[in-house]
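Undergrad: Please see the structure below; I have some questions.
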Amino acid sequence: MLRVLLLFLAIINFYLFYDLISPPYIKIYSPKEKITYQSEILIKGKVDDRASLFLNDARIYPQKNGYFEKKIYLKPGLNKLLFRAIKFWGQKKEKEILIFYQPPPK
């Protein structure tokens with residue numbers, strides 16, 4: 001019985017330690033398109049709720065469950081969106097999305 005309890009506690013400690021040192025996650029749900037004809041888009045995603053989130057060095061404040069939405073304006077041509085999530089001890093994860101904005105012809 002004592003061995004089972006010690007094994008259980010070891011597994012829990014390993015999980016907590018791994019969760020503490022692992023990098024945060026970033027999931028982007030939209031936009032799915034890489035080419036758009038609209039000058040503004042709505043970005044939706046989810047990030048580790050213990051991480052700070054930045055989009056091109058501008059801070060984004062997600063909800064308590066990690067979900068976020070951000071409306072951004074695109075410049076004509078190629079737009080690079082760099083998402084960076086940073087946890088307390090400096091572990092970070094980056095995700096880059098390239099979106100091409102083609103203004104409609106006049």
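Undergrad: Which numbered condition in (1) aromatic (Phe, Trp, Tyr); (2) under 15 Å from LEU82 (Cα atoms); (3) loosely packed, with under 10 Cβ neighbours inside 10 Å is the only one that TYR18 fails?
TA: Evaluating TYR18 over (1) aromatic (Phe, Trp, Tyr); (2) under 15 Å from LEU82 (Cα atoms); (3) loosely packed, with under 10 Cβ neighbours inside 10 Å leaves (2) as the failure.
Undergrad: I'd like to check something: does the stretch 47-60 contain any residue that is touching an Asp or Glu at 6+ places or on another chain (Cβ under 8 Å) and buried (at least 16 other Cβ atoms within 10 Å of the Cβ)? Steps first, answer last, please.
TA: In the first step, residues of the stretch 47-60 are kept if they are touching an Asp or Glu at 6+ places or on another chain (Cβ under 8 Å); the result is none.
Within the stretch 47-60, not a single residue is touching an Asp or Glu at 6+ places or on another chain (Cβ under 8 Å) and buried (at least 16 other Cβ atoms within 10 Å of the Cβ).
Per-residue answers, yes or no, for (1) in contact with a strand residue (DSSP E or B) (Cβ under 7 Å, 6 or more places away or on another chain); (2) assigned to a loop (DSSP other than H, G, I, E, B):
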{"residue": "LEU5", "(1), (2)": "no, no"}
{"residue": "TYR15", "(1), (2)": "no, no"}
{"residue": "TYR18", "(1), (2)": "no, no"}
{"residue": "PRO23", "(1), (2)": "yes, yes"}
{"residue": "GLY45", "(1), (2)": "yes, no"}
{"residue": "LYS70", "(1), (2)": "yes, no"}
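Undergrad: From the residues in the stretch 25-38 that are out of contact with any strand residue (DSSP E or B) (no Cβ under 7 Å at 6 or more places or on another chain) and not acidic (Asp, Glu), which one is modelled with the lowest pLDDT?
TA: Filtering first and then ranking leaves LYS32.
Undergrad: Another question, if that's okay. Take the residues in the stretch 73-93 that are in contact (Cβ under 8 Å) with a residue 60 or more places away in the chain and of a type outside the set (S, T, N, Q); name whichever of them is surrounded by the fewest Cβ atoms within 10 Å (Cβ to Cβ).
TA: TRP89
The values are calculated or read from the model by the stated rules, or taken from the named source; none is laboratory data. Quick caveat, the model's predicted, so the values are computed rather than measured. Cβ coordinates were reconstructed from backbone atoms using ideal geometry, including for glycine residues, and neighbour counts include every protein chain displayed.
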